[in-house]
Structures are given as structure tokens and as C-alpha cells.
Amino acid sequence: MLLIDDILVSDALIEEQFVCNLNACKGACCWEGDWGAPLEKKEIQILERIYPDIKPFLDSAGIQVIEEKGLSVYYEEAESEGTPLLENGACAYLTYDQNGTAKCGIERAWEAGKTDFKKPISCHLYPVRVKEKKQSMGFEALNYDRWDICSAACELGKSLQVPVYRFVKDAIIRKYGRSFYDQLDAAAEEYYKR
């Protein structure tokens, strides 16, 4: 484990390799799982502000669920707010491209220049999950979430030799800043030398 700026980073982010392989999985992480993508409080406020801008990029089933359940739902098991789910378990913000690959409707709106919010940070960071331990221990922990639906991503990451933390570089910088990422990268280089 590494401790950088009061954030505990699992060694797995340095040791394991990962590169999303959407051709293989078709974005299954957007429709698999027990609850929606975790949302930070500020992200719920952002979704309230930008919903009219992202709505044209969402599927009708997703719009219906969002308008019935809300932009976020509290999941007791996860003890957090998350994106609402369709009856089949897919994220309500999920859309599909012409090849049947999952695509975030929020991100589609961002790509079209309709919003300044790319997508929830939990989605951007995936396969890294943030565990907040601020109340009990005073820090956050970054962990690698191993999931069998991502086996093709693990294989591609190994073939390209891309550590998990480098795969999520932009997301780490978005959440924690460039200085944090540079410290993590330097610590990883020292780790590899050992």
C-alpha cells in the first residue's frame, strides 16, 4: 500500500494491468452489477443542473426510470447514492451505439459540447473504486475492483503492459489533481525498481 496525500493506494493499481476492451465486453460494466454507479453529492447537484441538456442523449426507457425514481437512488447495501437502474439492471443513463456497445448518455452529451460534465467520476475511474474511510481513519482508499466481465481488459492491459493507475490517469487527475498523479507515478517507478 502507498499513502499519498492522505489517500491510501492499493499496490494492485501498480501491479495489475488493464485497458478496456469494448470490442470484447461491449461495456458490460454499465449493465451488470447490483446497484448503480456511485455518485458524489456534488455530482447529484450537477445532474440536476444538466438534466435538460443530457436528456436528448438518453434512451426513452432511461428517461422514464429517471423521471420516476429520480436522477439518483440511495442503495442501502452500498450505503451510497448511485445512478438509477432499469428493470434489467442496466444504468438508466446507458445508451448503445450502432455496434451495440454501451455508451454513457451523459458522456455523449459532453462529447457533443452540451455539458461540461463528462460522467460520474466513479465511472471514469473504473476499475478503480474509491472507498471513503474519512470518519473512522481519516483517509480515502483507492482499490482495484477485479470483475470477471473485465477479463478481456486484463488480457489487453497485460499485452500492452499498461498498469491500472496509468489506464485511469485522466480520471485520477480529474479527481485528485496532477500533483497527486505525478507522486503516484513516481512511487510506482520506485516500486518497479524494487
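The values are calculated or read from the model by the stated rules, or taken from the named source; none is laboratory data. Keep in mind it's a predicted model, so treat the numbers as computed, not measured. Glycine gets a Cβ as well: all are built from the backbone with ideal geometry, and neighbour counts include every protein chain shown.
Which of the residues spanning the stretch 142-194 are touching a Gly at 6+ places or on another chain (Cβ under 8 Å) and aliphatic (A, V, I, L, M)? Scanning the stretch 142-194 gives a single hit, VAL164.
In the stretch 165-194, the residues that are outside any helix (DSSP H, G or I) reach residues that are crowded, with 18+ Cβ neighbours inside 10 Å with C-beta atoms within less than 6 angstrom, at least six apart or across chains, in these pairs: VAL168/LEU125; VAL168/VAL128. Considering only the stretch 111-130, I want to know if a residue exists there that is small (Gly, Ala, Ser) and within 20 Å of LEU2 (Cα to Cα). No, the conditions are met nowhere in the stretch 111-130.
Can you name the residue in the stretch 85-112 that is of a type in the set (D, E, K, R) and modelled with pLDDT of 95 or more and is also nearest to GLY33 (Cα to Cα) among such residues? Full working, then the answer.
Going residue by residue through the stretch 85-112, those that are of a type in the set (D, E, K, R) are 87, 97, 103, 107-108, 111.
From what is left, the residues that are modelled with pLDDT of 95 or more are 107-108, 111.
On the way: GLU107: 20, ARG108: 22, GLU111: 26 Å.
Ranking the candidates gives GLU107 first.
Just one of the numbered conditions (1) more than 22 Å from GLU79 (Cβ to Cβ); (2) modelled with pLDDT under 95 is not true of VAL130: (1). Selection of the stretch 151-164 for residues being outside any helix (DSSP H, G or I) and surrounded by 15 or more Cβ atoms within 10 Å (Cβ to Cβ) yields VAL162, PRO163. When GLY89, GLY105, GLY62 are checked against the criterion of being free of Cβ contacts under 8 Å to residues at least 60 places away in the same chain, more than 27 Å from ALA12 (Cα to Cα) and surrounded by fewer than 16 Cβ atoms within 10 Å (Cβ to Cβ), a single residue qualifies: GLY89.
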